[in-house]
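Worksheet: one structure, shown below.
Every number here is computed from the coordinates shown, using simple stated rules; none is lab data. The structure displayed is predicted, hence computed values, not measured ones. A quick note on method: Cβ atoms are made from the backbone with ideal geometry, for glycine too, and the neighbour counts reach across all protein chains shown.
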Amino acid sequence: MRDRDAWLCFADEAGQLLRPPKACTWSRRGRPSLVRVRAAGSGRISLAGPVCQKVDRRTRLVLRMMVHRGRKGEKKGFREKDFASLLDAAHQQLGGNIVLVWDDYNHHVDAAMRELIGKRPWLTLFRFPTCTPDLNLAEGVWAHLKKSLGNLAPCSIDDLDGLVRTRLKRMQYRPDLLDGFIAETGLITTPP
């Protein structure tokens, strides 16, 4: 990685529905706490992005979001071209070669994705071993996001979109938090 002057990037995807993740909360003694969730209508937010690290540079988080409103014919997640444009954006923002590590998701391993990756000489790809989400530090980003959304009950997909964007933007400006996600995995990413 150092001889290629490359960024080490760990990528993953996640999604969030209108129904909030469960979290602990306070209530009066003897009364269970209730968070009313309307969750009327459909909608989903899909998220994808790599957490990128390079020696002597601050850790970066590059993100893409898709809001699905449940309309007929609307795509429901990231596809090969969406991942390729995300990688192109990361390459442009980081200004260097990328060593990408990601999982064996269907859209990461199919022929269309292999072709798109082959057209990018600045990109080197490695895959995580099967069933090892604890090694992917991008999982820490999504877990932190979902914990911050715990017990919030947005009324519409647009409200949820605003909440998710705000929280992810805060994470982008906290490289110490991103470094914490790296430390949580136990991976040693700095040379001795």
Item to check | Crossing angle, helix 138-148 versus the chain [Cα axis fit, 0-90 degrees, rounded to tens] | outcome: 20 degrees
Checklist entry - When DSSP beta bridges are limited to those with both residues in the chain, what percentage is antiparallel, rounded to the nearest 5? => result 65 percent
Checklist outcome for this item: Mean Cβ-within-10 Å packing, highest first, puts peptides 13-20, 114-121 in the order 13-20, 114-121
Checklist entry - Which Cys in the chain stand alone, with every other cysteine's Cβ at 4.7 Å or more from theirs? => result CYS24, CYS131, CYS155
Checklist entry - Nearest 20 debye, what's the magnitude of the dipole of segment 58-145 about its Cα centre given +1 on Lys and Arg Cβ and -1 on Asp and Glu Cβ? => result 440 debye
Item to check | Peptides 166-179, 77-90 ordered by average Cβ neighbours within 10 Å, highest first | outcome: 77-90, 166-179
Checklist outcome for this item: Per the rule of 0.36 nm per residue minus the C-alpha distance, extending VAL67 to ARG79 adds in nm 2.9 nm
Item to check | Convex hull volume per residue for segment 16-128, taking Cα atoms only, in Å³ | outcome: 166 Å³
Item to check | Extent along principal axes [Cα atoms of segment 68-161; Å; largest to smallest] | outcome: 45, 34, 29
Checklist outcome for this item: Long-range share for the chain, i.e. C-alpha pairs more than 24 Å apart as a percent of all pairs, stands at 45 percent
Next on the checklist: Show me, for segment 166-175, the HN-Hα J-couplings you get by feeding each phi into the Karplus relation (A = 6.51, B = -1.76, C = 1.60, θ = phi - 60°), rounded to Hz, glycine and proline as x.
Outcome noted: 4, 5, 5, 4, 4, 5, 4, 9, 10, x
Checklist entry - For the chain, what is the calculated [θ] at 222 nm in deg cm²/dmol (nearest 500), taking -39500 (n - 2.57) for each run of four or more DSSP H residues and dividing by its residue count? => result -10000 deg cm²/dmol
